[in-house]
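The values are calculated or read from the model by the stated rules, or taken from the named source; none is laboratory data. Remember, it's a predicted structure, so these values are computed and weren't measured experimentally. When we count neighbours, we look across all protein chains shown, and the Cβ atoms used for this are built from the backbone with ideal geometry, even at glycine.
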């Protein structure tokens, strides 16, 4: 069974990776945390992620943005879409 000593060692290694690539560090932390949780029912994911360099146990990734064409009138409003009959 893995112990706190093992978890700290793993988290320290992942924290080094996190310094260079947060996304890769987070992915690695997720994989290792899943394995640790299976091995030890008392495993604390939040503490582990904090030790890996993710405050609050979270890592927010920016989502890709899809831009769309839109028309803005003089007041800065986007006109409502209308159906074929011209109703809104």
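So, in segment 51-69, of the ones that are surrounded by 10 or more Cβ atoms within 10 Å (Cβ to Cβ) and at positive phi, which residue ends up modelled with the highest pLDDT?
Filtering segment 51-69 down to residues surrounded by 10 or more Cβ atoms within 10 Å (Cβ to Cβ) leaves 51-54, 57-59.
Imposing the further condition that a residue be at positive phi reduces the set to 53, 57.
Details: 53: 92, 57: 77.
Selected residue: 53.
Counting residues that are in contact with a strand residue (DSSP E or B) (Cβ under 7 Å, 6 or more places away or on another chain), which helices (runs of 4 or more DSSP H) fully inside segment 1-69 reach at least 1?
Here the list is empty.
With 35, 15 as the choices, which residue is at pLDDT 90 or above and surrounded by fewer than 14 Cβ atoms within 10 Å (Cβ to Cβ)?
Details: 15 fails: surrounded by fewer than 14 Cβ atoms within 10 Å (Cβ to Cβ).
Unique residue meeting the criteria: 35.
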